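Right, one structure below, let's go through it.
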């Protein structure tokens with residue numbers, strides 16, 4: 001039986017994850033790094049020894065390479081898992097441009113699996129682009145499926161498909177013993193992802209808005225301990241998906257109020273974080289010129305979405321308008337400056353734990369970027 005020939009377009013965390021899964025199952029899998037002219041053959045033993053993209057990049061195993069166009073033109077399955085870093089209107093333009101590059105050499109009879117989230121009717125637009133670029137009609141000359149990935153903790157339980165399109169080989173490639181996939185029509189897959197996304201952000205923003213009303217005595221109540229472990233990194237996971245959903249509408253729509261309200265809530269949280277830093281300076285009579293800000297945020301820079309990088313850059317830029325000395329870090333903080341007080345902002349739980357372990361006698365304030373905005377002096381961190 002011939003092996004399935006697979007190309008994963010985009011050397012991203014999510015793309016590498018499913019590539020390893022399929023390589024271990026015996027498929028011929030090629031990885032495409034968009035910044036490189038060649039596709040890399042991912043061998044099963046490499047997939048087992050390098051279970052994540054960081055270990056793959058660090059080990060730099062010797063692997064066979066062929067030109068990208070050759071790999072795509074021979075592929076039975078093309079998974080679209082690109083690295084996207086633009087926002088707002090530029091976001092859709094970047095996605096569209098990369099999708100056109102990915103599909104231009106596909107063969108008749110091949111299958112395209114779109115692994116980024118779309119807005120409502122976004123896959124209809126993709127299918128139109130597919131025909132325009134290749135001349136192939138989805139559902140006739142080629143197959144098209146929708147499988148939006150967001151992180152590795154949970155992949156979609158359903159695969160969006162066109163009518164009468166149910167590829168059992170694809171089902172076998174994406175299913176695991178603990179996680180069986182099923183096919184649904186593409187519009188249903190879009191709606192399921194939209195419900196999960198909007199529900200998640202509506203819930204997060206409800207927590208953020210209510211926590212703004214709390215006083216310090218309320219915040220110390222153990223009832224709210226669960227919210228203390230929700231960090232900025234968790235809050236904005238999938239924000240690009242929410243933005244794409246919002247861009248689906250023209251005019252007013254009740255759903256658009258929910259979406260835009262959530263986006264406004266997340267942006268409001270970022271503004272509030274900057275305000276908390278200002279209040280901390282004021283309460284402790286710290287001068288901006290004598291203060292150093294360190295945003296500690298351990299990011300996965302290989303993720304498909306760029307929402308976290310964009311948020312970090314945005315907060316850093318706005319802080320520099322107020323305090324000149326602002327750095328970003330990943331838990332390993334540089335405190336070797338004698339004349340300044342440090343304010344560290346922990347944007348993930350792991351960053352918070354790393355800062356706790358630092359043995360320093362220097363005057364350090366720590367702000368947890370959670371709904372409570374807990375502020376503590378290093379000597380009092382618990």
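The values are calculated or read from the model by the stated rules, or taken from the named source; none is laboratory data. A quick note: this is a predicted structure, and the numbers were derived from the prediction, not measured. Quick reminder, even Gly has a Cβ in these numbers, built from the backbone with ideal geometry, and neighbours come from all protein chains shown.
Here is a check on your reading of the model: is residue 335 at pLDDT 90 or above, in a loop (DSSP other than H, G, I, E, B), touching a strand residue (DSSP E or B) at 6+ places or on another chain (Cβ under 7 Å) and surrounded by 14 or more Cβ atoms within 10 Å (Cβ to Cβ)? Spelling it out, it is not the case that residue 335 is at pLDDT 90 or above, in a loop (DSSP other than H, G, I, E, B), touching a strand residue (DSSP E or B) at 6+ places or on another chain (Cβ under 7 Å) and surrounded by 14 or more Cβ atoms within 10 Å (Cβ to Cβ). Filtered by the rule that a residue be under 23 Å from the mean Cα position of the chain (by Cα) and crowded, with 16+ Cβ neighbours inside 10 Å, region 179-195 gives 181, 186, 189, 190, 192, 193, 194. Can you tell me which residue within region 145-161, out of those that are assigned to a strand (DSSP E or B) and buried (at least 22 other Cβ atoms within 10 Å of the Cβ), is farthest from the chain's Cα centre (by Cα)? My answer is 161. For the condition under 24 Å from residue 128 (Cα atoms) and without any contact (Cβ under 8 Å) to a residue 60 or more places away in the chain, residue 7 does not qualify. Within region 129-144, the residues that satisfy the criterion of being surrounded by fewer than 16 Cβ atoms within 10 Å (Cβ to Cβ) and farther than 16 Å from residue 99 by Cβ are 137, 139, 140. Within region 42-57, the set of residues being in contact with a strand residue (DSSP E or B) (Cβ under 6 Å, 6 or more places away or on another chain) and more than 11 Å from residue 16 (Cα to Cα) is empty.
Check region 165-178 and report whether any residue there is touching a residue at least 24 places away in the same chain (Cβ under 8 Å), surrounded by 12 or more Cβ atoms within 10 Å (Cβ to Cβ) and not in a helix (DSSP H, G or I). Yes, region 165-178 contains a residue that is touching a residue at least 24 places away in the same chain (Cβ under 8 Å), surrounded by 12 or more Cβ atoms within 10 Å (Cβ to Cβ) and not in a helix (DSSP H, G or I). Looking across region 57-67, the residues that are surrounded by 13 or more Cβ atoms within 10 Å (Cβ to Cβ) and assigned to a strand (DSSP E or B) come down to 65, 66.
Annotation: of all residues in region 218-248 being free of Cβ contacts under 8 Å to residues at least 60 places away in the same chain and surrounded by 21 or more Cβ atoms within 10 Å (Cβ to Cβ), the one that is nearest to residue 370 (Cα to Cα) is 235.
Among the residues of region 64-74, at least one is in contact with a helix residue (DSSP H, G or I) (Cβ under 9 Å, 6 or more places away or on another chain) and under 22 Å from residue 128 (Cα atoms).
Residues checked against (1) more than 25 Å from the chain's Cα centre (by Cα); (2) surrounded by fewer than 16 Cβ atoms within 10 Å (Cβ to Cβ); (3) at pLDDT below 90; (4) more than 19 Å from residue 271 (Cβ to Cβ):
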position	(1), (2), (3), (4)
287	yes, yes, no, yes
297	no, no, no, no
303	no, no, no, yes
308	no, no, no, no
313	no, yes, no, no
320	yes, yes, no, no
326	no, no, no, no
331	no, no, yes, yes
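Checking the structure you have, find out if any residue of region 143-151 is more than 24 Å from residue 195 (Cα to Cα) and modelled with pLDDT of 95 or more. The answer is yes; a qualifying residue exists.
Regarding region 68-75, can at least one residue be identified that is out of contact with any strand residue (DSSP E or B) (no Cβ under 7 Å at 6 or more places or on another chain), closer than 19 Å to residue 99 by Cα, assigned to a loop (DSSP other than H, G, I, E, B) and assigned by TED's automatic domain parsing to the domain that holds residue 109? Within region 68-75, not a single residue is out of contact with any strand residue (DSSP E or B) (no Cβ under 7 Å at 6 or more places or on another chain), closer than 19 Å to residue 99 by Cα, assigned to a loop (DSSP other than H, G, I, E, B) and assigned by TED's automatic domain parsing to the domain that holds residue 109. Taking region 17-35 as the range and being surrounded by fewer than 21 Cβ atoms within 10 Å (Cβ to Cβ) and under 22 Å from the mean Cα position of the chain (by Cα) as the test, the residues that pass are 17, 21, 33, 34, 35.
So that you can scan it fast, the table gives a plain yes or no per residue for (1) within 30 Å of residue 265 (Cβ to Cβ); (2) modelled with pLDDT of 80 or more; (3) surrounded by 22 or more Cβ atoms within 10 Å (Cβ to Cβ):
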{"residue": "343", "(1), (2), (3)": "yes, yes, yes"}
{"residue": "355", "(1), (2), (3)": "yes, yes, yes"}
{"residue": "362", "(1), (2), (3)": "no, no, no"}
{"residue": "374", "(1), (2), (3)": "yes, yes, no"}
{"residue": "382", "(1), (2), (3)": "yes, no, no"}
